[in-house]
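Data first, discussion second: the structure below is written as structure tokens.
The values are calculated or read from the model by the stated rules, or taken from the named source; none is laboratory data. All of these numbers come straight from a predicted model, not from anything done at the bench. Glycine gets a Cβ as well: all are built from the backbone with ideal geometry, and neighbour counts include every protein chain shown. Only protein heavy atoms, including side chains, enter the accessible area calculation; ligands, DNA and RNA are left aside. Shrake-Rupley method; radii C 1.70, N 1.55, O 1.52, S 1.80 Å.
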Amino acid sequence: TEHALPTATLERDLVQLLAQSGIVYTPTLLVSFGGPLPIFRVLAERDPISDATLRHWFPTEQLYQKSATRLLAFRPDEYRDAEQGRSAAAVLRAGGLVALGGHGEMHGASAHWELGLLARGGMTSMEALRVGTINGAKALGLDQDLGSLEVGKLADLVVLDGDPLADIRSTSAISHVMRSGTLYSAATLAQVWPAREAGPTAWWMRSARAQGAVARGFDETAVDAAVRREMDRMRVPGVAVAVIKGDQVLMAKGYGSANLEQHIAVTDETMFQSGSMAKQFTAAGVLALVEDGKVALDSSIRTYVPDAPAAWAAVTVRQMLSHTSGIPDYTGDQLDHRRDFAEPDLKRLAFSLTLEFTPGARWNYSNTNYVLLGIIIHAVSGKPYWEFLRDRIFTPAGMPTIRVISESAIVPHRASGYLVPGGAWQNQDWVSPTLNTTADGSMLLSLRDMIAWNATMRARRVLSPSSWAQLLGPVTLNSGAPHPYGFGMFVDTLRGGLVHQHGGAWQGFRTQFSRYEAEDVGIIVLANARTASPEVIAAAVAGATSATLAPEPLPSRPISDTEPKVTAFMRTVLEKTARGALAAEDFAFVRVTTLPRLRAYLNTVLKDAGALDRLELLSRRTVGDDRAYVYRATYGARTFIVNAKVAPDGRLTGLMVEPAP
């Protein structure tokens with residue numbers, strides 16, 4: 001019997017008739033009679049148009065036709081599905097056979113909605129699951145072959161990200177499905193085991209993508225021009241760019257060459273090295289372990305790495321994730337990139353460094369934090385961090401090809417990274433394989449992977465809402481002041497709108513991922529030359545996408561300088577910089593491993609500039625406990641922009657000098 005009997009509630013006579021006659025009762029509560037159809041309420045509550053997964057599997061026009069065009073408003077007391085659900089539960093408990101209906105309202109999704117209505121009507125989660133599995137098999141006479149996990153029966157797997165016994169709505173929280181021994185990502189049907197293969201792309205996604213972009217006023221020609229202009233200016237062989245608005249990919253394409261020797265073009269499948277952009281994945285892995293109860297954010301590093309120095313006892317996992325630990329950076333000219341570093345070697349290297357400041361008191365970017373976080377993931381999970389990330393983060397996120405760097409593995413579509421010493425391209429420098437697998441940014445990934453990650457971040461999937469809030473929220477220093485960095489993610493603003501972004505640089509590759517939250521726009525830029533500035537390309541693409549996302553211009557007029565002592569200090573700093581005399585003592589703290597490179601770069605910029613004629617203050621703001629200043633420095637006919645940060649003790653915490661645009 002399909003559909004609910006329209007009399008609500010069923011009395012004992014009808015309950016017993018259904019239970020004892022052997023009739024299979026399929027109430028199909030979504031379209032219950034006797035009142036407004038509950039499908040209207042479900043569509044309003046679930047909002048399928050905003051569901052990223054459904055938009056992947058249904059054409060936009062069909063989603064609107066099946067949902068938005070059918071919305072009607074009724075009073076809550078007019079619906080009758082609760083009474084009819086109680087009746088179905090009574091039939092089941094009387095020994096009757098109740099099976100699952102869905103009415104084809106939205107194939108796949110409506111079955112989960114129906115389970116929710118059965119539970120709403122009084123069935124336990126286990127009873128609803130029986131209705132959705134073995135009872136349907138019995139109704140069709142197939143219960144000897146299907147419907148329950150028993151020896152001799154056919155069974156594939158559905159892997160859930162929640163417990164349906166605790167919450168029946170978790171039946172739709174599907175991370176993976178298996179058919180005939182092949183494992184797929186549920187979000188995209190990308191094959192993840194035994195081999196990795198991209199999932200299907202529905203015809204409407206291919207054909208409607210360009211049309212939808214044009215309808216929204218997106219000008220791909222303007223983006224093309226912006227990208228090619230920056231590529232020429234920066235001398236970059238190849239770039240991959242994606243622009244996502246909401247859950248629609250407006251463009252995902254390659255420019256130039258992935259390999260200059262083989263003349264291979266860049267595509268959306270080209271694999272680039274991530275650099276530090278991958279820190280957000282390591283952070284996500286740590287937060288997954290926090291959710292599993294295996295790591296506590298405010299526990300000491302020595303809880304998980306007992307051989308860490310006793311002086312590091314106050315360093316917490318939270319501080320490592322947010323670069324507030326005080327642990328210095330291990331990278332720099334003194335590091336032998338050709339030497340093999342196993343985990344014990346990396347720990348010894350890190351533990352030889354002295355803390356730069358009291359943990360939690362300051363912010364200073366340090367790759368060492370994330371190297372050690374990868375070691376913690378390994379120690380706690382029992383798997384190398386990249387295997388844990390693959391299982392716990394990448395596969396559920398539907399990222400089909402991301403993987404750790406490997407020289408020996410055959411990686412389809414792998415790009416080459418390039419340096420430009422003396423103005424001529426050459427291949428990236430060689431790095432030992434073990435040093436090239438650390439958790440501070442050693443991934444190979446494609447635009448497709450990052451598009452899936454953008455969707456995951458946008459929908460706050462894979463991790464809990466509280467984990468996402470910590471990953472994407474500013475850290476609080478010991479002073480109580482916020483600093484604009486979360487866990488592996490910078491937290492910035494543009495014209496008052498929130499921007500989450502992070503870049504990376506490694507072995508001739510440069511990357512950038514930016515999410516403009518106010519306009520729900522994601523920009524991804526992957527480049528294969530050290531000369532690239534992907535953050536500049538991303539800003540140019542954002543500006544070509546929407547005028548409101550264009551970078552804010554530098555102030556053109558000086559502001560009132562109420563801190564002449566700071567300006568005098570900056571004059572002294574610039575004079576020392578020009579002489580190559582900038583020293584660690586000029587900084588409240590500095591990445592001592594990179595000071596020689598910073599000093600050499602700044603000296604190169606200013607050494608032939610001559611005497612400083614004028615220093616004008618253009619802007620002033622607070623960043624954490626520091627004050628950030630932007631000056632215009634004039635040397636005869638040449639002008640430079642000086643970005644400096646000054647600590648409460650009056651010394652530098654950051655300095656960059658560049659020719660004025």
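Just a few scattered comments:
- Output for the stretch 543-567, where each listed residue is of a type outside the set (Val, Ile, Thr) and surrounded by 11 or more Cβ atoms within 10 Å (Cβ to Cβ): 543, 544, 546, 549, 550, 551, 554, 555, 558, 561, 563
- In the stretch 251-273, the condition of being within 30 Å of residue 323 (Cα to Cα), outside any loop (DSSP other than H, G, I, E, B) and out of contact with any Lys or Arg (no Cβ under 8 Å at 6 or more places or on another chain) is met by at least one residue.
- Flag for residue 44 being open to solvent by 60 Å² or more (accessible area, probe 1.4 Å) and either in contact (Cβ under 8 Å) with a residue 24 or more places away in the chain or under 28 Å from residue 172 (Cα atoms) (or both): yes
- Considered as a group, the residues in the stretch 1-41 that are over 15 Å from residue 96 (Cα atoms) and hydroxyl-bearing (Ser, Thr, Tyr) include one that is most open to solvent (accessible area, probe 1.4 Å), and that residue is 7.
Let's see how each residue does on (1) open to solvent by 40 Å² or more (accessible area, probe 1.4 Å); (2) on the phi < 0 side of the Ramachandran plot; (3) of a type outside the set (Lys, Arg):
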| residue | (1), (2), (3) |
| --- | --- |
| 123 | no, yes, yes |
| 153 | no, yes, no |
| 156 | yes, yes, yes |
| 161 | yes, yes, yes |
| 187 | no, yes, yes |
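- Residue 452 vs. criteria open to solvent by 10 Å² or more (accessible area, probe 1.4 Å), more than 30 Å from residue 529 (Cα to Cα) and in contact with a helix residue (DSSP H, G or I) (Cβ under 8 Å, 6 or more places away or on another chain): no
- Residues of the stretch 455-485 satisfying the condition of being part of a helix (DSSP H, G or I), of a type in the set (Gly, Ala, Ser) and open to solvent by 10 Å² or more (accessible area, probe 1.4 Å): 455, 459, 466, 469
- Residue under evaluation residue 531, criteria (1) part of a strand (DSSP E or B); (2) within 26 Å of residue 421 (Cα to Cα), criterion not met: (1)
- All of (1) open to solvent by 40 Å² or more (accessible area, probe 1.4 Å); (2) among the polar types (S, T, N, Q); (3) in contact (Cβ under 8 Å) with a residue 60 or more places away in the chain hold for residue 175 with one exception: (1).
- In the stretch 77-94, the residue that is farthest from residue 23 (Cα to Cα) out of those that are crowded, with 20+ Cβ neighbours inside 10 Å and of a type in the set (D, E, K, R) is 80.
- Residues of the stretch 572-598 classified as of a type in the set (Lys, Arg) and at pLDDT 85 or above, total: 2
- Of the helices (runs of 4 or more DSSP H) lying entirely inside the stretch 16-120, those carrying at least 2 residues that are at pLDDT below 90, closer than 30 Å to residue 456 by Cβ and among the basic types (Lys, Arg) are 38-46.
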